[in-house]
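To start, the structure under review is shown below, and the notes come after it.
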Amino acid sequence: MTRSDIINALFRSLLGVFLLAFGAQWAAADLVDEAELRDAVIAPYSLGEPTDINGVWELLNGSGAREGYVIQSEAISPLPGFSGAAINMMVLLDMDGGFIDVKLLNQSEPIFVSGMGEAPFRQFLEQYRGLSINTPITIGTNYGSGGGGSLVYLDGVTKATASVRIAHESIMAAAREVARQKLKGIARPQEKVVLKPDLDQTFTWDQLVEEGIARHVVATHGEVRGEFAGTTWQSDDPFPGADDGDPFIDLWIVDVTAPPVAKAVMGARMLRDWERLGRISPDDQTLLLIEAGDHGLVSEDFVRNTAPSWIEAKQDDFPVSMMDADLLIDLKEGLPDGQAMVLRLDRRLGFNPVREWQLSLLAIRYHGMLQPQEGQARFSWMVRADERFFDVLTPPKPLSPFESALVNRRADLLLLGGFLVLVFALMTFNRRFVRRREYRLVRYGVLAATLGLIGWWGQGQLSILTPIATLSAAMAGKSLSFLLYDPFSLVIWIAAIIGFFIWGRALFCGWLCPFGAMQEFVGAIAKRLGVRQLTVSGIWDRRLKLMKYAVLAGLVATLFYRPEHVETAAEVEPFKTAISVFFQREWYYVFYAMICLFASAVVFKAYCRYLCPLGALMAIGGWLRLTPWIERRAECGSPCQLCKVKCDYKAIKTSGKIDYSECFGCLECVDIYEDRNKCVPLIVTDKKRVRVS
């Protein structure tokens with residue numbers, strides 16, 4: 001069996017693992033049980049009864065009354081992180097949609113599992129205390145552009161910004177979903193409606209009626225009887241002598257929030273009380289109702305300064321907070337006669353009076369004497385305030401996670417873009433590049449930039465976890481939006497994938513991998529210091545190169561069938577230790593990373609060639625390469641073997657052909673190919689030319 005056959009068999013096995021896992025869930029939900037959740041809720045609060053929403057419990061205060069809700073975020077918004085598993089947090093939400101607290105329950109984010117630890121993550125979550133689901137929140141720093149004064153910026157976690165963005169979206173999505181179902185009227189965009197200044201118009205009652213500011217609606221006794229026809233209350237009409245055409249409801253509706261309208265309908269004393277109310281409660285919308293029909297506005301047991309039981313208000317199917325303004329009625333002459341009252345509607349919870357809203361009056365009937373049954377018929381009308389009196393202030397819309405990440409990393413992305421253009425140019429014009437005497441110096445400069453800019457500064461070290469988590473999320477039908485939370489790494493992935501079609505794995509593995517650059521520097525320094533290099537025979541080199549495919553297959557199997565061990569298995573990659581946290585970890589992680597590096601001192605880029613699962617994936621992806629990009633001559637391989645001998649990666653076959661699945665694009669063979677003092681076929685040709693001349 002040839003090496004190519006072995007690789008094909010391994011590749012088919014790897015695909016088999018994916019297909020077997022296709023029907024399986026990526027990971028079991030990491031929801032904590034009720035006992036653990038109860039311990040996590042700290043006094044004076046306590047965990048109440050579970051609600052009808054999975055993963056949501058009532059939150060009780062010290063008196064045992066319901067204070068809000070306890071939410072496990074993963075139960076409602078299981079947004080996958082970079083390990084493929086969701087981050088599970090406990091969100092304590094009060095009855096007004098405010099965050100009492102947010103705590104971490106469990107997570108599998110590689111950067112927080114080890115290395116940095118969870119402490120920075122927990123500190124990040126503390127920032128939600130006192131904020132609201134209706135507060136415009138974004139992750140990052142206010143650079144003075146976009147957003148506005150009410151936009152709240154949360155400090156991210158250095159080297160883990162993408163992970164905390166995922167956590168933020170999960171928190172907000174879970175809290176808003178619970179608010180939508182349990183806190184009606186809270187979880188809506190909070191437009192702020194304010195009176196326009198300097199309203200100096202004057203109106204008469206007739207003008208208010210003509211312009212539709214004062215609206216007249218009627219419901220007859222016949223309509224009410226029709227509503228109760230065929231019900232238990234059909235014969236319980238409190239007005240049996242009224243004709244069907246007589247008005248049961250004869251209602252005038254006037255929005256008197258604007259001072260010119262109030263002045264047109266109110267007497268001096270009532271106007272003074274109304275103005276005093278406006279100073280105390282500037283966010284109230286005031287509505288004058290005058291009812292001249294048999295219905296009336298309030299029941300006999302109505303208490304002033306409370307919500308009338310016969311009157312309801314809704315907007316977008318959410319109830320609007322409403323109560324009696326407790327004003328002494330003193331209307332001007334010329335207004336309709338009838339029972340009058342002024343209602344206060346609260347604009348602070350998202351009520352927008354300049355959009356249509358619904359005003360309803362309930363017709364009530366009772367059946368029976370000792371314990372009468374109550375029946376209701378609802379009569380509703382759509383109402384909206386006149387836009388000329390109000391300004392609607394739209395709150396700043398938080399940037400999407402992707403937009404926020406772009407804004408906060410725009411300088412890094414510009415540097416990365418320029419760097420990638422340089423690398424693409426060097427690879428595209430490689431034959432011209434190697435003709436320059438300083439090309440090796442330029443290459444090491446590029447590798448230094450890869451290590452510094454992409455690795456330590458930009459945190460753009462790619463990991464095998466990302467493509468595996470992407471595949472898993474796609475098969476499970478989960479969102480792939482987590483890829484957008486780190487645009488810096490996403491750009492590198494895009495560049496690497498584009499490179500597959502042109503250069504195979506060479507672009508990323510040879511030029512854009514920070515850990516690969518670190519190994520190359522270690523190898524170069526070792527050679528300069530005279531460290532003896534181990535010679536790996538051709539047969540053992542081929543055998544050892546198969547290890548990385550086995551590691552990749554084993555890692556995929558672990559991720560799908562033993563997801564609880566995924567972080568441990570992923571430590572086969574020393575990238576997090578050497579690049580993400582710069583060796584600031586437990587000693588055994590550092591020891592392993594140092595072994596991988598020092599192996600490169602005696603066997604050139606040993607980890608990349610023999611063990612790296614990401615390299616295995618890149619090698620498989622490199623099969624997408626459309627055409628050979630390294631020039632070869634007929635004499636390459638026979639009789640000339642110089643390129644094969646000089647190739648540190650052993651990526652040149654005896655025949656002289658390039659094994660692109662193992663080629664890292666170092667350009668040493670291109671340099672030999674172009675150098676008339678190194679390339680044997682060129683040397684032979686030149687000697688023949690000299691003899692002829």
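The values are calculated or read from the model by the stated rules, or taken from the named source; none is laboratory data. Here the structure is a predicted model, which is why all the values come from computation and not from measurement. FYI the Cβ positions are ideal-geometry reconstructions off the backbone, even for glycines, and counts take in every protein chain you see. We work out accessible area using only protein heavy atoms, side chains counted, and drop any ligands, DNA or RNA first. Shrake-Rupley method; radii C 1.70, N 1.55, O 1.52, S 1.80 Å.
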Quiz item: Where in the chain are the DSSP H helices whose alpha-carbon span along the long axis reaches 24 Å or more and whose Kyte-Doolittle mean is at least 0.0?
Solution: 3-21, 410-428
Quiz item: Quick one: putting +1 on the C-beta of Lys and Arg, -1 on the C-beta of Asp and Glu, what dipole do you get for the stretch 382-520 around its Cα centre, in Debye to the nearest 20?
Solution: 780
Quiz prompt | Cysteines in the chain lacking a second Cys C-beta under 4.7 Å | solution = CYS509, CYS513, CYS596, CYS608, CYS612, CYS636, CYS640, CYS647, CYS663, CYS666, CYS679
Quiz item: Ranked by accessible surface with a 1.4 Å probe, highest first, in what order do TRP511, TRP57, TRP540, TRP310 come?
Solution: TRP540, TRP310, TRP57, TRP511
Quiz item: About its Cα centre, how strong a charge dipole does the stretch 408-477 have in debye, to the nearest 20, once Lys and Arg get +1 and Asp and Glu get -1 at the Cβ?
Solution: 500
Quiz item: By its C-alpha gyration tensor, with a ≥ b ≥ c as the square roots of the eigenvalues, how is the stretch 376-513 shaped: rounded for a/c under 1.5, else prolate for a/b larger than b/c, else oblate?
Solution: prolate
Quiz item: So what does ASP39 come to for accessible area, using a 1.4 Å probe and Å² rounded to 10?
Solution: 130
Practice problem: With the convex hull built on the Cα atoms of the stretch 282-432, state its orientation-averaged projected area in nm². | Solution: 17.7
Quiz item: By accessible area of protein heavy atoms, probe 1.4 Å, what ranking do LYS478, LYS605, LYS263 get, highest first?
Solution: LYS263, LYS478, LYS605
Self-check item: Interchain or long-range residues, amide H under 5 Å from ALA214's placed H
Solution: VAL209
Practice problem: Would you please classify the overall shape of the stretch 285-370 from the alpha carbon gyration tensor, given that a ≥ b ≥ c denote the square roots of the eigenvalues, rounded means a/c under 1.5, and beyond that prolate means a/b larger than b/c while oblate covers the rest? | Solution: oblate
Quiz item: For the chain, what relative contact order do you get, as a whole percent, if you take Cα pairs closer than 8 Å and at least 6 residues apart?
Solution: 12
Quiz item: By average Cβ neighbour count within 10 Å, what is the ranking of 497-503, 334-340 from highest down?
Solution: 497-503, 334-340
Practice problem: Could you tell me which of rounded, prolate or oblate describes the chain, using a ≥ b ≥ c as the square roots of the eigenvalues of the alpha-carbon gyration tensor, with rounded for a/c under 1.5 and, failing that, prolate when a/b is larger than b/c and oblate otherwise? | Solution: prolate
Practice problem: Determine ³J(HN,Hα), in whole Hz, for all residues of the stretch 39-48 in sequence, where each value follows from phi through the Karplus function 6.51 cos²θ - 1.76 cosθ + 1.60 and θ = phi - 60°; x replaces Gly and Pro. | Solution: 5, 6, 7, 9, 4, x, 8, 8, 7, x
Quiz item: In the chain, what percent of the accessible surface is made up of carbon and sulfur (1.4 Å probe, ligands and nucleic acids excluded)?
Solution: 56
Quiz prompt | Area of LEU422 that stays accessible when all protein chains are in place (1.4 Å probe, Å², to 10) | solution = 80
Quiz prompt | Under 22 Å from the Cα of LYS332 - lysines, other chains or at least 8 residues apart | solution = LYS263
Exercise. Straight distance only, please: which lysines reach the Cα of LYS103 with their own Cα at less than 23 Å, same-chain residues fewer than 8 apart left out?
Key: LYS159, LYS182
Practice problem: Find the Cα radius of gyration of the stretch 545-693, compare it with 2.2 N^0.38 Å by division, and give the number to two decimals. | Solution: 1.39
Self-check item: Computed over the stretch 531-656: relative contact order in percent, which uses C-alpha pairs under 8 Å that are six or more apart
Solution: 28
Quiz item: So what does log10 I(q)/I(0) come out to for the stretch 351-457 at q = 0.16, 0.23 Å⁻¹, using the Debye formula with one equal point on every Cα and no solvent?
Solution: -0.92, -1.20
Quiz item: What accessible area per residue comes out for the chain, rounded to a whole number of Å², with a 1.4 Å probe?
Solution: 47
Quiz item: From the phi of every residue in the stretch 85-95, what ³J(HN,Hα) in whole Hz does the Karplus formula 6.51 cos²θ - 1.76 cosθ + 1.60 yield, where θ is phi - 60° and glycine or proline is x?
Solution: 9, 6, 8, 9, 10, 9, 10, 9, 10, 7, 6
Quiz item: So what's the back-of-envelope 222 nm ellipticity for the chain, counting only DSSP H runs of four-plus at -39500 (n - 2.57) apiece and dividing by all residues, rounded to 500?
Solution: -11500 deg cm²/dmol
Exercise. Set Lys and Arg Cβ to +1 and Asp and Glu Cβ to -1, take the dipole of the chain about its Cα centre, and tell me which of ILE213, ALA268, ALA616 lies farthest positive.
Key: ALA616
Quiz item: Hey, can you rank 44-54, 482-492 by average C-beta count inside 10 Å, highest first?
Solution: 482-492, 44-54
Quiz item: Where nothing but the Cβ of Lys and Arg (+1) and of Asp and Glu (-1) is charged, how large is the charge dipole of the chain around its Cα centre, in debye to the nearest 20?
Solution: 7920
Self-check item: Over 31 Å (Cα to Cα) - which of LYS478/LYS650; LYS576/LYS653; LYS548/LYS653; LYS527/LYS653 fall in this group
Solution: LYS478/LYS650; LYS576/LYS653
